[in-house]
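K.L.:
Once you've had a glance at the structure underneath, I'll fire off some questions.
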Protein chains: 2
Amino acid sequence: MTVELICVGTELLLGNIVNTNAAWLAEQCAALGLSCYYQTVVGDNADRLAGILETGLERSDILILSGGLGPTQDDLTKETAARVCGKQLVEDARSLSRIESYFQERGLKMTDNNRKQALVPEGAIVVDNDNGTAPGIILEKDGKRIVLLPGPPNELIPMFEKSIAPYLLSLDPNGPSVIYSRTVKICGLGESGVETLITDLESLKNPTVAPYAKTGEVHLRVTARAEDEKAAKKLVKPVVKELESRFGRAVYTTKNEVTLEEAVVRLLKKNDLTAATVESCTGGLLAGRLVNVPGVSDVFKTGFVTYSNKAKRKQVGVKKETLEKYGAVSPQTAEEMAVGGAKAAGADVVVSITGIAGPDGGSEEKPVGLVYMACFVCGSVWVERFQFKGSRAKIRESAVAAALTLMRRGILEVFG
Amino acid sequence: MTVELICVGTELLLGNIVNTNAAWLAEQCAALGLSCYYQTVVGDNADRLAGILETGLERSDILILSGGLGPTQDDLTKETAARVCGKQLVEDARSLSRIESYFQERGLKMTDNNRKQALVPEGAIVVDNDNGTAPGIILEKDGKRIVLLPGPPNELIPMFEKSIAPYLLSLDPNGPSVIYSRTVKICGLGESGVETLITDLESLKNPTVAPYAKTGEVHLRVTARAEDEKAAKKLVKPVVKELESRFGRAVYTTKNEVTLEEAVVRLLKKNDLTAATVESCTGGLLAGRLVNVPGVSDVFKTGFVTYSNKAKRKQVGVKKETLEKYGAVSPQTAEEMAVGGAKAAGADVVVSITGIAGPDGGSEEKPVGLVYMACFVCGSVWVERFQFKGSRAKIRESAVAAALTLMRRGILEVFG
């Protein structure tokens, strides 16, 4: 089955906002095994939207629309879709009562405009909105489907996951099915390196294996379709296991929701370790990323941003002679930063970062993008040299991901 | 004139990447006074792309395409556009020599595939690509225009600004014109507060005034169209001046390219001041943002990430009694963090941040989102209380923007 995405909103046409709904819906549809050949953006204009709907119904099986379900005059997605399908709008009692409760619970006054949101095309499937007032709507015309979703991502995403994805799976001509996916997340290996190790798996049909490159990471999504979740999990499990054995310690999680910084924080907690950071060119971004993790305060106590040589000496005790002889960007300085940071913070695990983020400051011997890091774990120290590419921002982002990877590796080396 | 955006790429249809090109191009077209009613995404498929081009030529005056100009077999935007316009591809000598130089300069070997990038539809306008190998192309068919741009933003953006925007302006039936815009950037005032002060200016036609809300900032873009740049600048200047007088010190720059952190760093440099940061809930993000600015090392020397109470005491000398009596999230602790940080770092200007980023750790008295900051400037200290909303990430991002605003205000209070 083919699906087409239609995002409605003048703010998209003016470039005021980036169309993240389209990317999110496209990824979901791909995971559901639906082929998507077209995405369209159109403004809040009835005639143009009607034209797009008619074209879409000719060339695709399912149209998924987002936006234009609000209470104002401008919002006319529902009215237009009903007209194209030749349906009248009727008041939906359940939706009206849900909208009334929504306002009551929040102590807000409901306006007549909001009553409009309870109107639905006759015969449509009405989908509850747990996070807003506009219900989702599913229309049918000559065997084709039109799915209307609210525009705000905090309404659209939960509605799609809870109600629309199962509905789309139920349309499968081979009978209803479910989709189940797990992500094997790998750090410290490049995209091409990962791909060469999975060429045989990329041709699998069920489950499928798809790589997604992130800064310093590669995610392999394993997705299966089956008659029920248990059967789908059974298909996914051996492939996840196979990937884990191929990539070994480079796999930092097989849980969809766990980030690299979260994996590092879990590893620290598991081994009852405290951590600190000593940063020069990244200037606090590594500490900032660790602090993304709620509850990090159990293990992360302190961080040093030692941007100047003086700060490197004063805060973490790098020797004057080391800075003079080898320079601030050197393996020797990186090592003294990590060891000195551990002493100053009284921490078990410390990663240090010193490098040249550019655009200026590079030389033939020490080009822009050169970064040294050291990892201290309970007395052991590793020093690594990296040569990153790209803008100042990209180099710093890459360095932070590499530092988390190094931290993780160091802990695993010592604690297994 | 109407314009339509067509982005070509299977990675967009799969949701692997977000369509930032569409948003950027849409914003540029709006600023050029072109009306855009449709945006389409289509994959690297000749028949479907040809269909989209034919539909576009029927309903719009100008089609702007991005993507699919690469050297591989998959890339067929140029071939398809030529076919739709009934043109043959011929080798463009200038493009070929530019591609050859591109590889020579980088010491890379040119492949036969890259030679394909020098093929252009006969009679087309060929646009130099200063940042890659695929030239831009402008085709004409029955008075309508098709503009082909490379997909990578670092090639597309400079090409559009340098060559395509002037070309589009030259098509104006009222004679050639130029567009000139300046952005008045405001910090420390909310969007609605800013809007109420400019309602009269928002109805202006030439120049136009359009607000864009950012985290902790509002940008007002003033855009004029005139027969030449001098005349356009003359239209923009008094409105910028009017906005500066209405918003006073809240305006941190009227230069399009200057960021808030850059404005702060400039102010530090101008007054020959050094700065340091003391962060708890933001965990290094404020330092990280200052370090975005190349050359920040002249003024920013050191930062403290004092996440635990112990780190607050040890690194910047917050008193044990203060933490016990008022807690870590209190005006008293914020003040001691800033004053102690100034002493520890030997810095002239210090901002401290301590708050509850959530999702846990809030109470009725100190809810999630409560953040205290202090700003120390050469002996003077200001303490501020903020109540931010949203996710952990949003609260921390808002706090960083507010800290930069506070830092700027503190310096201005003391140094004028």
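K.L.:
Can you list the distances in nanometres, one decimal and ascending, from the residue A:144 label point to the identical position in each other copy, with the point 7 Å along Cα to Cβ?
P.N.:
2.1
K.L.:
First check a/c for region B:63-180, with a ≥ b ≥ c the square roots of the eigenvalues of its C-alpha gyration tensor; if it is under 1.5, answer rounded, and if not, answer prolate when a/b is larger than b/c or oblate otherwise. Spell out each step's value before the answer.
P.N.:
Working: a/c = 2.10, a/b = 1.40, b/c = 1.50.
Cα axes put region B:63-180 in the oblate bin.
K.L.:
Per residue, what volume in Å³ does the Cα convex hull of chain A take up?
P.N.:
186 Å³
K.L.:
Count neighbours as other Cβ atoms within 10 Å of each site's Cβ, and list the trypsin sites (Lys or Arg not before Pro) in region B:321-389 that are DSSP loop with at most 14 such neighbours.
P.N.:
Details: sites: B:325, B:343, B:385, B:389; in loops: B:389.
Of the trypsin sites (Lys or Arg not before Pro), the ones in loops of region B:321-389 whose Cβ has at most 14 other Cβ atoms within 10 Å are B:389.
K.L.:
Here's a follow-up. In nm, give the distance between the simple-model label positions of residue B:391 and residue B:320, each being 7 Å from the Cα along the Cα-to-Cβ direction.
P.N.:
Output for this residue pair reads 4.0 nm.
K.L.:
Can you tell me the 0 to 90 degree angle between the C-alpha axis of helix B:260-270 and the longest principal axis of chain B, rounded to 10?
P.N.:
Orientation of helix B:260-270: about 60 degrees from the principal axis.
K.L.:
Further, regarding this structure: Kirkwood hydrodynamic radius of region A:180-247 from all distinct Cα pairs, in Å?
P.N.:
Roughly 12.1 Å, rounded to one decimal.
K.L.:
Taking the Cα-to-Cβ direction at residue B:113 and at residue A:61 and moving 7 Å from each Cα, how far apart do the two end points lie in nm?
P.N.:
Going from the residue B:113 label point to the residue A:61 one covers 3.4 nm.
K.L.:
May I pose another question? What are the ³J(HN,Hα) couplings of region A:212-221, residue after residue, when phi is run through the Karplus curve with 6.51, -1.76, 1.60 and θ = phi - 60°? Round to Hz, x for glycine and proline.
P.N.:
So the Karplus estimates, Gly and Pro as x, are 10, 8, 10, 4, x, 9, 10, 9, 10, 9 Hz.
K.L.:
Show me you know the interface measure: the accessible area buried between B and A, both chains summed, probe 1.4 Å, in Å² to the nearest 100.
P.N.:
So the buried area, both faces added, is about 4100 Å².
K.L.:
Okay, next question. Between residue A:227 and residue A:2, what FRET efficiency follows from the Cβ-Cβ distance if R0 is 25 Å, with the result rounded to 0.05?
P.N.:
With R0 = 25 Å, the Cβ-Cβ based efficiency is 0.65.
K.L.:
Averaged over its residues, how many other protein chain Cβ atoms are within 10 Å of peptide A:17-23's Cβ atoms?
P.N.:
Mean shielding by partner chains, rounded to a whole number: 6.
K.L.:
Sticking with this one: What part of the accessible area of region A:1-159, given as a whole %, is carbon or sulfur when the probe is 1.4 angstrom?
P.N.:
46 percent
K.L.:
A further question on this structure: Only protein chains counted, 1.4 angstrom probe. Which residues of region B:272-301 are at least 40 Å² less accessible in the assembly than when their chain is isolated?
P.N.:
With the partner chains in place, region B:272-301 has these residues losing at least 40 Å²: B:291, B:294, B:301.
K.L.:
Would you mind listing the distances between the residue A:324 label point and the same position in each other copy? Use 7 Å along Cα-to-C-beta, nm, one decimal, shortest first.
P.N.:
Nearest to farthest, the other copies are at 4.6 nm.
K.L.:
Could you go through region B:39-56 in sequence order and give the Karplus-derived ³J(HN,Hα) for each residue, using 6.51 cos²θ - 1.76 cosθ + 1.60 with θ = phi - 60°, rounded to whole Hz, and x for Gly and Pro?
P.N.:
Rounded to whole hertz, the list is 10, 10, 10, 9, x, 7, 9, 4, 5, 5, 5, 4, x, 5, 5, 5, 4, x.
K.L.:
Taking only DSSP H segments of four or more residues, each worth -39500 (n - 2.57), what value at 222 nm results for the protein assembly as shown once the sum is divided by all its residues, to the nearest 500 deg cm²/dmol?
P.N.:
Roughly -12000 deg cm²/dmol at 222 nm, from the helical runs in the protein assembly as shown.
K.L.:
Anyone know which of A:200, A:228, A:172 comes out most mobile in the 10 Å Cα GNM of chain A?
P.N.:
Comparing A:200, A:228, A:172 in a Gaussian network model of chain A, the most mobile one is A:200.
K.L.:
Separate question: Just want to confirm a number: the relative contact order over region B:181-303, from Cα pairs under 8 angstrom separated by 6+ residues, in percent.
P.N.:
Relative CO of region B:181-303 lands at 25 percent.
K.L.:
So how far apart, in nm, are the two label points at residue B:73 and residue B:103 if each is 7 Å from Cα heading toward Cβ?
P.N.:
With each label placed 7 Å out from Cα toward Cβ, I get 2.0 nm.
K.L.:
While we're on this one: Are there trypsin sites (Lys or Arg not before Pro) in region A:123-212 that DSSP puts in a loop and that have at most 14 other Cβ atoms within 10 Å, and which ones? Kindly include the intermediate steps, with their values, before the conclusion.
P.N.:
Details: sites: A:141, A:144, A:145, A:162, A:182, A:185, A:205; in loops: A:205.
Filter output for region A:123-212: A:205.
K.L.:
Separate question: Which of B:143, B:190, B:33 ends up with the largest GNM mean-square fluctuation for chain B, with Cα atoms connected below 10 Å?
P.N.:
The residue with the greatest mean-square fluctuation here is B:143.
K.L.:
Please say if region B:1-71 is rounded, prolate or oblate, where rounded means a/c under 1.5 for a ≥ b ≥ c the square roots of the C-alpha gyration tensor eigenvalues, and otherwise the choice is prolate for a/b larger than b/c and oblate otherwise?
P.N.:
Here region B:1-71 falls in the oblate category.
K.L.:
Let me ask something additional. How far, in nm, would the chain grow between residue A:192 and residue A:206 when pulled straight, counting 0.36 nm per residue and subtracting the alpha carbon separation? Kindly include the intermediate steps, with their values, before the conclusion.
P.N.:
Working: separation 14, 0.36 × 14 = 5.04 nm, distance 2.32 nm.
My answer for the length gained is 2.7 nm.
K.L.:
Now a separate question. Would you work out the relative contact order for chain A, in percent, from Cα pairs under 8 angstrom that are 6 or more residues apart?
P.N.:
The value is 9 percent.
K.L.:
Next up: Leaving out ligands and nucleic acids, and using a 1.4 Å probe, what accessible area per residue does the protein assembly as shown come to in Å²?
P.N.:
43 Å²
K.L.:
Taking chain A as the reference, fit the longest principal axis to its C-alpha atoms, fit the long axis of helix A:20-31 to the helix C-alpha atoms, and give the angle between the two in degrees, 0 to 90, nearest 10.
P.N.:
90 degrees
K.L.:
Of A:254, A:326, A:36, which is farthest on the positive side of the dipole of chain A, counting Cα position, with +1 on Lys and Arg Cβ, -1 on Asp and Glu Cβ, and the Cα centre as origin?
P.N.:
It is A:326.
K.L.:
Nearest-5 percent of antiparallel DSSP beta bridges in region A:1-128?
P.N.:
Counting only bridges with both partners in region A:1-128, antiparallel ones make up about 20 percent.
K.L.:
Moving to a separate point now. Would you mind calculating the relative contact order of region A:271-315 from Cα pairs under 8 angstrom and at least 6 residues apart, reporting the percent as a whole number?
P.N.:
49 percent
K.L.:
Given the options B:363, B:35, B:308, state which has the largest fluctuation in a GNM of chain B using a 10 Å cut-off (strictly under) for Cα springs.
P.N.:
Its mean-square fluctuation being the largest, the pick is B:363.
K.L.:
Apply the Karplus parameterisation 6.51 cos²θ - 1.76 cosθ + 1.60, with θ equal to phi minus 60°, to every residue of region B:149-161 and state each ³J(HN,Hα) to the nearest whole Hz, in sequence, with x for glycine and proline.
P.N.:
10, x, x, x, x, 6, 9, 5, 5, x, 5, 5, 5
K.L.:
How about region A:253-312: which GluC sites (Glu not before Pro) there are in a DSSP loop, with at most 11 other Cβ atoms within 10 Å of their Cβ?
P.N.:
Here the GluC sites (Glu not before Pro) that fit, given the DSSP loop and packing criteria, are A:257.
K.L.:
Could you work out how far helix B:331-345 tilts from the main Cα principal axis of chain B, as a 0 to 90 degree angle to the nearest 10?
P.N.:
Taking the Cα atoms of chain B, the angle to B:331-345 is about 80 degrees.
K.L.:
Once a ≥ b ≥ c are taken as the square roots of the eigenvalues of the Cα gyration tensor of the protein assembly as shown, is the result rounded (a/c under 1.5), prolate (a/b larger than b/c) or oblate (a/b not larger than b/c)?
P.N.:
Rounded, since a/c falls under 1.5.
K.L.:
Right, here's the next one. Which net charge results for the neighbourhood of residue A:70, defined as the other residues with beta-carbon distances under 11 angstrom from its beta-carbon, given Lys and Arg at +1 and Asp and Glu at -1?
P.N.:
On the way: positive: A:78, A:116; negative: A:44, A:74, A:75, A:155.
Around residue A:70, the charge tally is -2.
K.L.:
Report the calculated FRET efficiency for residue B:360 and residue A:20 (r = Cβ-Cβ distance, R0 = 22 Å), to the nearest 0.05.
P.N.:
Result of the calculation: an efficiency of 0.20.
K.L.:
Add +1 for every Lys or Arg and -1 for every Asp or Glu among the other residues with Cβ under 10 Å from the Cβ of residue A:302, and state the total.
P.N.:
Result for the local shell: +4.
The values are calculated or read from the model by the stated rules, or taken from the named source; none is laboratory data. Fair warning: this is a prediction, and the values are worked out from it, not measured in the lab. All Cβ positions, glycine included, derive from the backbone under ideal geometry; neighbour counts span all protein chains shown. Ligands, DNA and RNA are excluded from the accessible area calculation, which covers all protein heavy atoms including side chains. Shrake-Rupley method; radii C 1.70, N 1.55, O 1.52, S 1.80 Å.
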